[in-house]
Amino acid sequence: MQEFSIKDLEHFTGIKAHTIRAWEQRYALLNPRRTSTNIRFYTSEDLKLLLNVSLLNQHGHKISKIASMGEPEIRAAIRGLGAAVTSEDHWLGMLKISMLNFDEQLFRSVSKTYEAQCGLSDLMLKLYLPFMGQIGMLWLTSAICPAHEHFVSNLIRQRLFRAVDDLPPVDAEYDDDVFALFLPEREIHDISLLMVHFLLRKAGYKSLFLGQSVPLEDLVQMAPQFPNLKCVAYCTTFPAENGVSDYLRRVMRESTGSGIQFHFAGRVFAGHESPSDHLHLHGDGQSLIGTLLST
């Protein structure tokens, strides 16, 4: 059975560890397994319950009342929140619950309501993009299993493909920047890159989605055809944190003289400085898309 430390729960839910312990003691809300040294470990069911409890508590439900509710009552109360949920943190919490419960109906309901209130671009940029960033980190730390990540990724992928298909084609006389969106070798997580593709296309740019495992030499060969080429990657697992500098040196070496501007985003690049005027690093998707749309 998958288990989580109290720090995992704090990171996943945003509830401080001391609050979790207080809820345990006062309301017997959770019953963690304890090691011989009194270290708490929680199940995935505990995590799902805590996410539900957090959302209800933030929307006026007293913790003492929530603690007395059964699972069906809690699920019904969560669904009843609907449009009452307004901040991105709350929406993200509901998406996490839908993921952990493999609840497609809840995922689509949250997405539809948010889109109706805020628009499709904000759904992608302010909800899906940070959500996938959190999911990528949780997946790397084994806080969730691959099935969870695949479940929500495919739901988002379906929405993205529909959204891109609904956009008008780029004008034949287009002469602005061209974006080549790619993933390096051994990187397979393409959802965040798909979101960037949609947002660029919606802004009227020519965006070429190349997908997974694109060799650097292939990108360099595109440069003569597109003088204003910007190559964009959103990385989750590659390069490894201790291999970022080596990978960036390789990019600079192989693209020397091509005139290509590279933009790399993702958790692995957080804390690293952009090494040249032609190679730009972004710690998250919002920073990346903000820079691309302002060029």
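Being closer than 15 Å to residue 236 by Cβ, in the same structural domain as residue 94 (by TED's automatic domain parsing) and either crowded, with 18+ Cβ neighbours inside 10 Å or among the hydrophobic types (A, V, I, L, M, F, W, C) (or both) is the requirement here; does residue 189 meet it?
It is false that residue 189 is closer than 15 Å to residue 236 by Cβ, in the same structural domain as residue 94 (by TED's automatic domain parsing) and either crowded, with 18+ Cβ neighbours inside 10 Å or among the hydrophobic types (A, V, I, L, M, F, W, C) (or both).
What residue, among those in region 227-244 that are surrounded by 17 or more Cβ atoms within 10 Å (Cβ to Cβ) and over 21 Å from the mean Cα position of the chain (by Cα), is farthest from residue 282 (Cα to Cα)?
Here the residue is 229.
Of all residues in region 254-269, which are loosely packed, with under 15 Cβ neighbours inside 10 Å and either within 13 Å of residue 281 (Cα to Cα) or in contact with a Leu (Cβ under 9 Å, 6 or more places away or on another chain) (or both)?
The answer is 254, 259.
Scanning for something in a strand (DSSP E or B), of a type in the set (Ser, Thr, Tyr), on the phi < 0 side of the Ramachandran plot and in contact (Cβ under 8 Å) with a residue 12 or more places away in the chain, does region 225-238 turn up at least one residue?
yes
Among the residues of region 25-62, what is the count of those that are touching a Ser or Thr at 6+ places or on another chain (Cβ under 7 Å) and in a helix (DSSP H, G or I)?
Final tally of qualifying residues: 4.
Do you know which residues across region 281-295 are surrounded by 14 or more Cβ atoms within 10 Å (Cβ to Cβ), assigned to a loop (DSSP other than H, G, I, E, B) and in contact (Cβ under 8 Å) with a residue 40 or more places away in the chain?
Across region 281-295, the qualifying residue is only 284.
Hey, can you tell me all the residues within region 3-42 that are surrounded by 13 or more Cβ atoms within 10 Å (Cβ to Cβ), touching a residue at least 12 places away in the same chain (Cβ under 8 Å) and of a type in the set (D, E, K, R)?
Listed by number, the residues that qualify are 3, 8, 21, 40.
Do any helices (runs of 4 or more DSSP H) entirely within region 85-144 hold 1 or more residues that are touching a helix residue (DSSP H, G or I) at 6+ places or on another chain (Cβ under 9 Å) and at pLDDT below 85, and if so, which?
Fully inside region 85-144 and qualifying: 88-100, 129-140.
Please go through region 250-280 and give me each residue that is touching a Pro at 6+ places or on another chain (Cβ under 8 Å) and either outside any loop (DSSP other than H, G, I, E, B) or free of Cβ contacts under 8 Å to residues at least 12 places away in the same chain (or both), ordered by number.
Of everything in region 250-280, those that are touching a Pro at 6+ places or on another chain (Cβ under 8 Å) and either outside any loop (DSSP other than H, G, I, E, B) or free of Cβ contacts under 8 Å to residues at least 12 places away in the same chain (or both) turn out to be 252, 268.
Could you please let me know if residue 252 is closer than 25 Å to residue 195 by Cβ, more than 27 Å from the chain's Cα centre (by Cα) and either modelled with pLDDT of 85 or more or not assigned by TED's automatic domain parsing to the domain that holds residue 188 (or both)?
no
In this structure, is residue 65 of a type in the set (Lys, Arg), closer than 27 Å to residue 7 by Cα and either touching a Pro at 6+ places or on another chain (Cβ under 7 Å) or touching a residue at least 40 places away in the same chain (Cβ under 8 Å) (or both)?
Taking the combined requirement at face value, the residue does not satisfy it.
Residue-by-condition table, conditions (1) hydrophobic (A, V, I, L, M, F, W, C); (2) modelled with pLDDT of 90 or more:
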{"position": "176", "(1), (2)": "no, no"}
{"position": "183", "(1), (2)": "yes, yes"}
{"position": "193", "(1), (2)": "yes, no"}
{"position": "215", "(1), (2)": "no, no"}
{"position": "220", "(1), (2)": "yes, yes"}
{"position": "224", "(1), (2)": "no, yes"}
{"position": "228", "(1), (2)": "no, no"}
{"position": "232", "(1), (2)": "yes, yes"}
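If I filter region 82-90 for residues that are over 20 Å from residue 134 (Cα atoms) and not hydrophobic (A, V, I, L, M, F, W, C), do I get at least one hit?
Checked against the condition, which is being over 20 Å from residue 134 (Cα atoms) and not hydrophobic (A, V, I, L, M, F, W, C), region 82-90 yields at least one hit.
Within the set of pairs 6 or more residues apart or between chains, which connect a residue that is closer than 17 Å to residue 227 by Cβ inside region 165-191 to a residue that is surrounded by fewer than 19 Cβ atoms within 10 Å (Cβ to Cβ) and aromatic (Phe, Trp, Tyr) with Cβ atoms less than 6 Å apart?
178/226
Whether any residue in region 49-68 is assigned by TED's automatic domain parsing to the domain that holds residue 131, of a type outside the set (A, V, I, L, M, F, W, C), in contact with a Leu (Cβ under 7 Å, 6 or more places away or on another chain) and within 25 Å of residue 129 (Cα to Cα) is what I want to check.
For region 49-68, residues assigned by TED's automatic domain parsing to the domain that holds residue 131, of a type outside the set (A, V, I, L, M, F, W, C), in contact with a Leu (Cβ under 7 Å, 6 or more places away or on another chain) and within 25 Å of residue 129 (Cα to Cα): present.
The values are calculated or read from the model by the stated rules, or taken from the named source; none is laboratory data. Here the structure is a predicted model, which is why all the values come from computation and not from measurement. Cβ atoms come from the backbone with ideal geometry, glycine included; neighbour counts cover every protein chain shown.
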